[in-house]
Amino acid sequence: MSIVDQTREGDILVLTINNPPVNAFSPGVPEGLHAGLDAAEGEEGIRGVVIIGGGRTFVAGADIKTFDLPREQAPDLRGFISRLDAFPKPTVAAIHGTALGGGLEIALACNYRVATKDAKMGLPEVKLGVLPGAGGTQRLPRVVGVEKALEMMLSGNPIKAMEAKELGLVDHLVEGDLREGAVAFAREHANARPLPRISERTVEGVSPQVFAAAREGIKKTHRGQLSPGFIIDLAEMTTTQPFAVGWEEEARLFMAAKDSPQSRGLRHIFFAEREAGKIPGLTKDTPTTEIKSAGIIGAGTMGGGIAMNFLNVGIPVTIVETQQEALDRGLSVIRRNYENTAKKGRLTMEDVEKRMALLTPTLNMEDLADADIIIEAVFEDMGVKKDIFTRLDAIAKPGAILATNTSTLDVNEIAAVTGRPEQVIGLHFFSPANVMKLLEIVRADKTSDSVLATSMALARRIGKVGVVVGVCDGFVGNRMIHRYGDEARKLVEEGANPQDADAAMNALGLPMGPFQMSDMAGLDVGYLIRQHQAKVRGAPKPDGWLDRIVERGRKGQKTQAGIYDYGEDRKPKPNAEVAQLIEDYRAEKGLESRELTQEEITERLVYSLVNEGAQILDEGIAQRAGDIDVIYIYGYGFPAHHGGPMGYADEMGLGNVVAALEKYGQTPAPLLKRLAEEGGSFAGWDKAKASA
Ligand code: T1G
């Protein structure tokens, strides 16, 4: 089997692309396809060509790994597509699996497209900070219309074959064998002349308002991103310029987008997210157990949210509380969440009932005896957790996974109270647990490979992005956010207003800055953690300006008053009493106020994350810098187009990061200092570690 097989089916030549796992347009594929077209062109008896993907899918796009190759080494997708568009014999794209990006662009350059019913197709390039660079921006609007094309190219989401058929993007849906159906279709159209070419169509009568609305829309959906605007410009060109002009402009804008820091950031995250799912030492043969039932201890916000993840994928859940009233409240919150989703049309009421029927409430922990996994989600107190795990050890069946949802406590200490520490793991969900995609999988010292592999598989199954972390106070995400919070409070001591810090992070693209986030989480949460950490360190009781705000009963959004005031619209409004408290605090502590620029604020906040992240890497608490980036994007809203904090630091240059830290009186973590001195990067560190 070669990378592109040529098979003669009578008067039709079938070109099968064999480039697993997703038939990306990698080096070798264009050569094979050109050879196939040469054969078809040169052979009189061949009256049509079918292009089909071997394995599980049609072409899933250009090979993202080749984006940074020198132009002459990168597979020439545009060259192939130009040839295809002018090919003198009928060409048919036979689509199954996913035809994405360059894959769909190949199909659009064929005369016809046939597909299986469950196939999907789309142009997801915007998710990589680029744009469809091989004709997609010029052909798709000529097939499905400008508005639908803009929706597809700006969302990057695929559509199903049935919709594609209705839109005229697919000419025929094949029942049964795709290859046979495509060959038959090619034969039926062997004499069709002139050959239908999308590039020859025109786009008429589109109101300029369509583009104005699209430009307005991306201000919210793609704030600060480059390629969405290019996509709109290019789509608009289909209404004002001939195909050839748009085709050339598309190449120019594609290169500009591809060479942008945003695309580098998004491509880094594309691969980092996939790498995060790989655990060194574990292979496909590591034994896993199938999770057929789950037990959740605690029906509060976290327990209820966690339960929903299992119910959503049809896994029955037994949920335990100590009081009937708490149990009833927990169930009504879950039901209300589902009903709200149904009101938005994303669920039917039948779905709601089906999911609720999988949920069994109980006051008896003994009812968890048959659960394959039990997740404790109770109050963040070590004594309470130890008591629960001691009881679970006596109740749970052999082989059951015993997981804690603790967000900072020592999982080794919890595991030690059981006789089966190899079955104990941390599954740190982020609130709201039924929404946030991040799941920190906390590998304790004795957690078995099988439990770890099962947990990672479970994360994928319930639609979470699982990242393995080690045991320390706060694991990865919260440990870094504590440093970030320390730095944010320090900025205010030095003269910044809380809203300056939030504005700086909003400008960077984070939906919430440090103080907006604290008010949302509840100021008393951070207050208690600071008190706990001070006690553990034997340090005096913290008495910072933020502690004083909490001690005045201002606990954040939940009391409509925290650092900010909150009205009906829940928008943060500065509060004069808080401003006065901060001023008095500075005076009492003899702190000199000064003007802090947005640049300084941004550097100090982001680099506080980077510095702690470097320390975490050095301690082996995170496996990769890319893992830390994935955690920050999916757990804390760090903009993916900046590549996560570590990716952002690489883009800034680690030497500049170290210089900034030292300028602000911070001590760079040894690993960060070393990498900076070597002219290295976190990405390089990950690569070196992966190949070690
Ligand atoms: N290039 C290179 N590698 C790719 C790839 C791609 N396009 N798509 C997937 N992989 C690798 C991936 O890194 C992983 O590697 C393995 O394949 C399985 O992927 C000019 C410029 C197709 C829906 O954006 O959305 O065309 O970890 O784990 O969950 O206009 O992969 O095994 O070593 O994701 O079954 C446009 C990206 C490119 C599609 C399958 N295309 N891929 O999901 O598997 S830009 C895309 C996906 C472009 C043109 C432009 C998904 C998938 P490893 P996976 P999956």
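For the reader, a short list of remarks on this structure follows.
- Selected residue (criterion: surrounded by the fewest Cβ atoms within 10 Å (Cβ to Cβ)) from residues of segment 273-300 that are within 10 Å of the ligand (Cβ to nearest atom) and free of Cβ contacts under 8 Å to residues at least 12 places away in the same chain: Arg274
- Given (1) within 21 Å of the chain's Cα centre (by Cα); (2) charged (D, E, K, R); (3) surrounded by fewer than 21 Cβ atoms within 10 Å (Cβ to Cβ), index of the condition Lys490 fails: (1)
- Filtered residue count, segment 375-400, keeping only those that are touching an Asp or Glu at 6+ places or on another chain (Cβ under 7 Å) and outside any helix (DSSP H, G or I): 2
- Of all residues in segment 230-267, exactly one satisfies the criterion of being among the aliphatic types (A, V, I, L, M), within 28 Å of the chain's Cα centre (by Cα) and away from the ligand (no atom under 15 Å from the Cβ), namely Ile232.
- All told, Phe270 falls short of being within 16 Å of the ligand (Cβ to nearest atom), in contact (Cβ under 8 Å) with a residue 60 or more places away in the chain and in contact with a Phe, Trp or Tyr (Cβ under 9 Å, 6 or more places away or on another chain).
- Tally, over segment 23-41, of residues that are within 16 Å of the ligand (Cβ to nearest atom), touching a strand residue (DSSP E or B) at 6+ places or on another chain (Cβ under 8 Å) and assigned to a helix (DSSP H, G or I): 2
- Of the candidates Ala86, Ala93, the single residue that is in contact with a Cys (Cβ under 8 Å, 6 or more places away or on another chain) and either assigned by the TED database to the domain that holds Leu169 or among the hydrophobic types (A, V, I, L, M, F, W, C) (or both) is Ala93.
- Condition met for Ala115 (crowded, with 24+ Cβ neighbours inside 10 Å, over 30 Å from Pro208 (Cα atoms), small (Gly, Ala, Ser) and within 12 Å of the ligand (Cβ to nearest atom)): no
- In segment 385-411, the residues that are modelled with pLDDT under 95 and of a type in the set (A, V, I, L, M, F, W, C): Leu409
- The set of residues in segment 109-133 that are under 29 Å from Ala190 (Cβ atoms) and either acidic (Asp, Glu) or in contact with a Ser or Thr (Cβ under 9 Å, 6 or more places away or on another chain) (or both) comprises Ala109, Cys110, Asn111, Tyr112, Asp118, Ala119, Lys120, Met121.
- Residue in segment 353-360 that is over 30 Å from Val476 (Cβ atoms), touching a Gly at 6+ places or on another chain (Cβ under 9 Å) and of a type outside the set (A, V, I, L, M) present: yes
- Complete set of residues in segment 118-130 that are surrounded by 24 or more Cβ atoms within 10 Å (Cβ to Cβ) and more than 9 Å from the ligand (Cβ to nearest atom): Ala119, Met121, Val126, Gly129
Listed here are the residues, each with its yes/no results for (1) of a type in the set (Gly, Ala, Ser); (2) within 16 Å of the ligand (Cβ to nearest atom).
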{"site": "Pro88", "(1), (2)": "no, no"}
{"site": "Ile95", "(1), (2)": "no, yes"}
{"site": "Ala107", "(1), (2)": "yes, yes"}
{"site": "Asn157", "(1), (2)": "no, yes"}
{"site": "Phe185", "(1), (2)": "no, no"}
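- The numbered conditions (1) within 19 Å of the chain's Cα centre (by Cα); (2) part of a helix (DSSP H, G or I) are all true for Phe638 except (2).
- Scanning segment 42-80 for residues that are within 24 Å of Ser199 (Cα to Cα), of a type outside the set (A, V, I, L, M, F, W, C), within 8 Å of the ligand (Cβ to nearest atom) and not in a loop (DSSP other than H, G, I, E, B) turns up just one, Arg78.
The values are calculated or read from the model by the stated rules, or taken from the named source; none is laboratory data. What you see is a predicted model; the values in this text were computed from it and never measured. Don't worry about glycine lacking a Cβ; one is built from the backbone with ideal geometry, like all the others, and counts go over all protein chains shown.
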